[in-house]
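No lab work stands behind these numbers, since they all come straight from the coordinates. Just so it is clear, the model here is predicted, and its values are computed rather than measured. Note that we place each Cβ from the backbone using ideal geometry, even for glycine, and neighbour counts take in every protein chain shown.
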Amino acid sequence: MKDIVLFGTGDIAALACRYFEWDSPYRVAAFTADTAYIEAPEFMDRPVVPFEQVAEAFPPDRFGFFVALSYSKLNRLRAERVAAARALGYGLVSYVSSRATTFPDLDHGENCFILEDNTIQPFAKIGHNVTLWSGNHIGHHSTIEDDVFMSSHVVVSGGVRIGQGSFVGVNATLRDHVTIGRECVIGAGALVLEDQADHGVLAPRGTERSPVPSTRLRRI
């Protein structure tokens, strides 16, 4: 059991703490955040240390590190904190759920957060600092580059490449062998059938509200 420090004091950090606590060889010893964002001395019954002091309080030669942040600023904030932790000498750990379907050749980087019910087929590659929320399908020979955040129930077919820093929303579908450029936003429910250039945005419209109110429905 190796002790680690988590960066963050929000919902994702709380969730990461539980996953590490219940389903990993890591034990969360403390949290850290930038001084300006610390609201209390403890979080989840553990101390919160300013990031500016974390290496002194929890030395990199004794503690691992995990950055538990969202896709804010197209994943740049999370990537910046990962780089800062590396600069302090920390080794970044990853979480891969025991309830994910993976194979012995799974290739993933540091600071990955791979939750339950993900299916990652053989020959797929997952870069550094990638979040795969629950329930995704990552097809064979696909590559997820660094700093990507993928929401739930995304279908990534075989031979797909998703570029660095991209965000993929819930229930998106990517056909086989498409390439998504760097820092793209693929909205919820998108159907991607062709390559997307860097910084592309696909924003499908939501289902329209019916003009008939529920009180006038004859049956449901």
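Let me check I've understood the local charge: for residue 60, count other residues with C-beta under 15 angstrom from its C-beta, Lys and Arg +1, Asp and Glu -1. What total comes out? That works out to -1. Taking Cα centre as origin and charging only the Cβ of basic (Lys, Arg, +1) and acidic (Asp, Glu, -1) residues, the dipole magnitude of the stretch 2-87 rounds to 360 debye.
Take every Cα pair under 8 Å whose residues are at least 6 apart in sequence, average their separation, divide by the length of the chain, and the relative contact order is 11 percent.
Among 214, 174, 190, whose Cα sits farthest toward the positive end of the charge dipole of the chain (+1 at Cβ of Lys/Arg, -1 at Cβ of Asp/Glu, about the Cα centre)? Working it through, the farthest residue towards the positive pole turns out to be 214. For the stretch 1-107, taking Cα atoms only, Rg and Dmax work out to 13.6, 42 Å respectively. Under 5 Å from the amide H of residue 188 lie the amide H atoms of 169, 170, each residue being 5 or more positions distant or on a separate chain, with H modelled from the backbone and absent for Pro and chain starts. Excluding the site residues themselves, the longest part of the chain lacking any GluC sites (Glu not before Pro) in a DSSP loop with at most 10 other Cβ atoms within 10 Å is 40-193. By DSSP, the beta bridges lying fully in the chain are antiparallel in about 5 percent of cases.
What is the magnitude of the charge dipole of the chain about its Cα centre, with +1 placed on the Cβ of each Lys and Arg, -1 on the Cβ of each Asp and Glu, and no other charges, expressed in debye to the nearest 20?
Roughly 900 debye, rounded to the nearest 20.
Residues 114, 12, 120, ranked from the fewest to the most other C-beta atoms within 10 Å, line up as 12, 114, 120.
Across the options 165, 22, 199, the greatest Cα extent toward the positive end of the charge dipole of the chain (unit charges at beta carbon of Lys, Arg, Asp, Glu) belongs to 199. Electrostatic tally near residue 51: other residues with Cβ closer than 12 Å to its Cβ, Lys and Arg +1, Asp and Glu -1, net -3. With 23 Å as the cut-off, how large is the P(r) tail for the chain, expressed as percent of Cα-Cα pairs? More than 23 Å apart: 50 percent of the Cα pairs in the chain. The equivalent ellipsoid of the stretch 61-178 has semi-axes of 23, 15, 12 Å, largest first, where each one is the square root of 5 times an eigenvalue of the Cα gyration tensor.
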